[in-house]
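The structure that follows is given in the form of structure tokens.
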There are 2 protein chains.
Amino acid sequence: VTIDQLETPALLIDVDIMERNLQRMAAYAAANGLRLRPHTKTHKIPALGRRQIDLGAVGLTVAKVGEAEVMLSSGTPDLLVAYPTIGLGKLTRLMEVARRTRVTVALDSFEAARQLDEMAGEAEIEVGVLTEIDVGLNRVGVTPGPELVDLVRRIVHLKNVDWEGIAYYPGHIKKMDADGEAKMVALSDTVARAINDLGDAGYTARIVSGGSTPTWMRSHEVAGLTEIRPGTYIFNDRNTVNSCACDWEDCAGTILCTVVSTARPGQMIIDGGSKTFSSDRLTGSTEVTFGRLTTDPAARFHAMNEEHGFVDISQSEHRYQVGQRVRLIPNHICVAMNLHERVHAVRGSEVVATWTVEGRGKLQ
Amino acid sequence: VTIDQLETPALLIDVDIMERNLQRMAAYAAANGLRLRPHTKTHKIPALGRRQIDLGAVGLTVAKVGEAEVMLSSGTPDLLVAYPTIGLGKLTRLMEVARRTRVTVALDSFEAARQLDEMAGEAEIEVGVLTEIDVGLNRVGVTPGPELVDLVRRIVHLKNVDWEGIAYYPGHIKKMDADGEAKMVALSDTVARAINDLGDAGYTARIVSGGSTPTWMRSHEVAGLTEIRPGTYIFNDRNTVNSCACDWEDCAGTILCTVVSTARPGQMIIDGGSKTFSSDRLTGSTEVTFGRLTTDPAARFHAMNEEHGFVDISQSEHRYQVGQRVRLIPNHICVAMNLHERVHAVRGSEVVATWTVEGRGKLQ
């Protein structure tokens, strides 16, 4: 089967680009003595998790228990749930996962740790815990200081969880410009402070685990870091390019669309909108565009409804006809993957495999 | 089962509110002599399509062939595909649908009509066609004038399609303020012009079909209109309230979330983000918020990542704890439905049914 024979809209993954991305990250982690525990939210496909393990990843990262359940079939020796897992139902399911592979949970409240400890005790399974610290994203995480030390002290006293260290996600660092450089320095200072405060209180963080893709190549600059959890790097997207963490030719994921209307001069409508790309805008940018045409960067995909993509072609030298096909790099490949039941692995114009996105829509 | 026992995040549909919404629209259509052909993209559930038929709808509307295939099981006597259906694969599947129910396609190019006619001829099935006109949204549709008359002339000459009339979608009319009132007048003028131009050329539009939910109660003001295709009205959402087409108590769809972090003062993080709500912003507004807490409108859901909702509670009188649950009305219920494999029908605090969103993710 060739790409021309696929129905649209369809999400395509260029396997050669993907493999290059995987190997680049594996080599970086190895060269810098960092454990690699990739976040699988980007691909949501156990076979790709398996490939990450085969290339040296020590384990895999997920956000939700439902994703952990799916990712078990990768055969990973270790799963980090980088999300506070709250409530009896979810924790019961998590213990089932923990019977089959080592599980660690990143959390930021004693309530989450207490619930986890209770369920682990009932299940007679030891579960790891990382304490999430806030490094500037202002999302989850405890700000380093007395509160962090106090939380770790209480967690260490729990019987059925093994406190392993700290985790953070520097999602506020979008780009390595002057602002990003300053934020990298602050990040390193914040992590060092957390490690030192905890060390002074007698708690040694065996694991210091950090995201993300935009900052991955600077991870070795963070003092004390032992592990990285990039996710998007497997495919990359417009956000990754905008963050200067990759080039256009490193984007493995594209969305194939058909032109369905050219009724309005200077515009074409494509058969992909928010149901296909997601309505995520570019992060860290005021520009409102939703994808880049691989063969026509002058075309502006500036608006969308659920099934309609509005592409301004008034500045383009290309002419488009109803039925013609285009490929676009989405703003955010992770959320796009979540919208597709199946995606197609391609090499050149050949479709070499069709993958079910098994972790799609696992909200719980 | 009660709502308290559900895992989160979960999408809940209040069946009493839904039924009232359905009956209100059915009564309006009947009172004004308008055919009702609801757009099922909002619910994507055949049983709810069946309910719409039982309440007097003449048929159902879908955007994609995949949705048409799913909606067949509602037993609808008629399906309008309100989207240009392009390409051999999709048209082959559409002919299979057309063997089981009457099918009409809304399109705006001769190329789309030609492809449809060819496939209908091969399948020996007559398919209806509505010519889409642009009434100001600047999306799909031909602007009324000589070009429209010419397109209809060419379609009428095709042997295997039955030209039935025109369709439009007034998605640019967000709200019935002064601007909306002016746009309603322009809409009526545009539709009248299309009908007259075509009539002068000898083509009588038997069907004049218009969307949408924000304008539904003004549909009878559009001269010549024979049919309405509202979708969102079955559930409503923040956009519908903002458009003044319903009140908060008419919103049947809410998303149940759990507070997973309160580490940062004045903020809570809930376990629903763009994977649960979609990242759709409010339409026709510069406000960046993603949902309204049913019991705490002073809380501001102002930012999101895939699994994290950032809620500013600095202006709220409520205090929240990790593990507590909240319900939110999403900005756009249609895209939220598309993200949930199953949703729960509720009456008060009871879960009365769990529905599979069968039309979810039918991109093609």
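Output the number of residues of segment A:106-119 satisfying the condition of being in contact (Cβ under 8 Å) with a residue 40 or more places away in the chain and within 16 Å of A:Tyr169 (Cα to Cα).
Number of matching residues: 2.
Working only within segment A:130-147, note down all residues that are under 26 Å from A:Arg102 (Cα atoms) and touching a Gly at 6+ places or on another chain (Cβ under 9 Å). It would help to see each step written out before you state the result.
Going through segment A:130-147, the residues under 26 Å from A:Arg102 (Cα atoms) turn out to be A:130-134, A:140-142.
A:Leu130, A:Thr131, A:Glu132, A:Ile133, A:Asp134, listed by residue number.
Criterion first (within 12 Å of another protein chain (Cβ to nearest Cβ), open to solvent by less than 10 Å² (accessible area, probe 1.4 Å) and under 30 Å from A:Val65 (Cβ atoms)) does A:Gly359 satisfy it?
Numbers: within 12 Å of another protein chain (Cβ to nearest Cβ): yes; open to solvent by less than 10 Å² (accessible area, probe 1.4 Å): yes; under 30 Å from A:Val65 (Cβ atoms): yes.
So A:Gly359 fits the description; yes.
Kindly indicate whether B:Gly210 is within 14 Å of chain A (Cβ to nearest Cβ), small (Gly, Ala, Ser), in contact (Cβ under 8 Å) with a residue 40 or more places away in the chain and farther than 29 Å from B:Ala123 by Cβ. Break it down stepwise before answering.
Details: within 14 Å of chain A (Cβ to nearest Cβ): no; small (Gly, Ala, Ser): yes; in contact (Cβ under 8 Å) with a residue 40 or more places away in the chain: yes; farther than 29 Å from B:Ala123 by Cβ: yes.
Against the criterion (within 14 Å of chain A (Cβ to nearest Cβ), small (Gly, Ala, Ser), in contact (Cβ under 8 Å) with a residue 40 or more places away in the chain and farther than 29 Å from B:Ala123 by Cβ), B:Gly210 does not qualify.
For segment A:159-213: of the residues being part of a strand (DSSP E or B) and among the acidic types (Asp, Glu), which is least open to solvent (accessible area, probe 1.4 Å)?
So in segment A:159-213, the residues part of a strand (DSSP E or B) come out as A:161-168, A:207-210.
Now narrow it down to the ones that are among the acidic types (Asp, Glu): A:162, A:164.
On the way: A:Asp162: 36, A:Glu164: 10 Å².
Taking the candidates together, the pick is A:Glu164.
From the list A:Glu147, A:Glu122, which residue is within 14 Å of another protein chain (Cβ to nearest Cβ), without any contact (Cβ under 8 Å) to a residue 40 or more places away in the chain and not polar (S, T, N, Q)?
Result of the check over A:Glu147, A:Glu122: A:Glu147.
Filter segment B:288-305 down to residues that are over 13 Å from B:Ile255 (Cα atoms) and either buried (at least 20 other Cβ atoms within 10 Å of the Cβ) or free of Cβ contacts under 8 Å to residues at least 12 places away in the same chain (or both), then give me how many there are.
Our first condition is that a residue be over 13 Å from B:Ile255 (Cα atoms); within segment B:288-305, this holds for B:288-289, B:296-300, B:302-305.
Restricting the remaining residues to those that are either buried (at least 20 other Cβ atoms within 10 Å of the Cβ) or free of Cβ contacts under 8 Å to residues at least 12 places away in the same chain (or both) gives B:297, B:299-300, B:304-305.
Residues meeting the conditions: 5.
So which of B:Val156, B:Val129, B:Val191, B:Val135 ends up being closer than 25 Å to A:Ile270 by Cβ, in contact (Cβ under 8 Å) with a residue 40 or more places away in the chain and of a type outside the set (D, E, K, R)?
Values: B:Val156 fails: closer than 25 Å to A:Ile270 by Cβ; B:Val129 fails: in contact (Cβ under 8 Å) with a residue 40 or more places away in the chain; B:Val191 fails: closer than 25 Å to A:Ile270 by Cβ.
Step by step, each of B:Val156, B:Val129, B:Val191, B:Val135 is checked, and only B:Val135 is closer than 25 Å to A:Ile270 by Cβ, in contact (Cβ under 8 Å) with a residue 40 or more places away in the chain and of a type outside the set (D, E, K, R).
Go through segment A:223-238 and report how many residues are open to solvent by 10 Å² or more (accessible area, probe 1.4 Å) and either more than 17 Å from the chain's Cα centre (by Cα) or at positive phi (or both).
Adding up the residues that qualify gives 4.
So, one more: Collect the residues in segment B:100-157 that are open to solvent by less than 20 Å² (accessible area, probe 1.4 Å) and on the phi > 0 side of the Ramachandran plot, keeping them in residue-number order.
Answer for segment B:100-157, where residues must be open to solvent by less than 20 Å² (accessible area, probe 1.4 Å) and on the phi > 0 side of the Ramachandran plot: B:Gly141, B:Gly145.
Of all residues being surrounded by fewer than 24 Cβ atoms within 10 Å (Cβ to Cβ) and among the β-branched types (Val, Ile, Thr) in segment A:58-85, which is farthest from B:Asn305 (Cα to Cα)? Just the residue, please.
A:Val58
Looking at segment B:269-287, which of its residues are at pLDDT 95 or above and within 10 Å of chain A (Cβ to nearest Cβ)?
B:Ile269, B:Asp271, B:Gly272, B:Gly273, B:Ser274, B:Lys275, B:Thr276, B:Ser278, B:Ser279, B:Asp280, B:Arg281
Here's something else I'd like to know. Within segment B:317-358, take every residue that is in contact with a Pro (Cβ under 8 Å, 6 or more places away or on another chain) and not charged (D, E, K, R) and give me the one that is farthest from B:Lys275 (Cα to Cα). Can you show your working first?
Kept after step one, since they are in contact with a Pro (Cβ under 8 Å, 6 or more places away or on another chain), are these residues of segment B:317-358: B:322, B:336, B:358.
In the following step, the residues that additionally are not charged (D, E, K, R) were identified as B:322, B:336.
Working: B:Val322: 21, B:Ala336: 8 Å.
The extreme case among them is B:Val322.
Could you tell me which residue of segment A:239-253 is modelled with the highest pLDDT, considering only residues that are open to solvent by less than 10 Å² (accessible area, probe 1.4 Å) and polar (S, T, N, Q)?
A:Thr240
Among (1) open to solvent by less than 10 Å² (accessible area, probe 1.4 Å); (2) within 26 Å of B:Arg139 (Cβ to Cβ); (3) not hydroxyl-bearing (Ser, Thr, Tyr), there is one condition B:Met95 misses while meeting the rest; what is its number?
(2)
State the number of residues belonging to segment A:125-143 that are touching a strand residue (DSSP E or B) at 6+ places or on another chain (Cβ under 8 Å) and within 12 Å of another protein chain (Cβ to nearest Cβ).
Within segment A:125-143, residues that are touching a strand residue (DSSP E or B) at 6+ places or on another chain (Cβ under 8 Å) and within 12 Å of another protein chain (Cβ to nearest Cβ) number 10.
Go through segment A:328-353 and give me each residue that's open to solvent by less than 30 Å² (accessible area, probe 1.4 Å), assigned to a strand (DSSP E or B) and within 12 Å of another protein chain (Cβ to nearest Cβ).
Correct list: A:Val343 only.
Working carefully through the options B:Phe310, B:Phe277, find the one that is more than 30 Å from A:Glu7 (Cα to Cα), of a type in the set (Phe, Trp, Tyr) and touching a residue at least 40 places away in the same chain (Cβ under 8 Å).
Working: B:Phe277 fails: more than 30 Å from A:Glu7 (Cα to Cα).
From the options B:Phe310, B:Phe277, the qualifying one is B:Phe310.
Which condition breaks for A:Gln315 when tested against (1) more than 24 Å from the chain's Cα centre (by Cα); (2) crowded, with 22+ Cβ neighbours inside 10 Å?
Only one criterion is unmet by A:Gln315, namely (2).
Considering every residue within segment B:311-326, establish whether at least one is at the interface with chain A (Cβ under 9 Å from one of its Cβ atoms) and farther than 23 Å from A:Leu107 by Cα.
No: segment B:311-326 contains no residue that is at the interface with chain A (Cβ under 9 Å from one of its Cβ atoms) and farther than 23 Å from A:Leu107 by Cα.
Within segment B:1-109, considering only helices (runs of 4 or more DSSP H) that don't extend past its boundaries, which have at least 1 residues that are within 14 Å of chain A (Cβ to nearest Cβ) and either of a type in the set (Phe, Trp, Tyr) or touching a helix residue (DSSP H, G or I) at 6+ places or on another chain (Cβ under 7 Å) (or both)?
Numbers: elements: B:15-31, B:46-54, B:65-71, B:88-98.
Where helices (runs of 4 or more DSSP H) fall fully within segment B:1-109 and carry at least 1 residues being within 14 Å of chain A (Cβ to nearest Cβ) and either of a type in the set (Phe, Trp, Tyr) or touching a helix residue (DSSP H, G or I) at 6+ places or on another chain (Cβ under 7 Å) (or both), they are B:65-71, B:88-98.
The values are calculated or read from the model by the stated rules, or taken from the named source; none is laboratory data. Because the structure is a prediction, the values reported are computed rather than measured. Methodologically, a virtual Cβ is constructed for each residue, glycine included, from the backbone with ideal geometry; neighbour enumeration extends over all protein chains shown. To get the accessible areas, we keep the full protein, side chains included, count just its heavy atoms, and leave off ligands, DNA and RNA. Shrake-Rupley method; radii C 1.70, N 1.55, O 1.52, S 1.80 Å.
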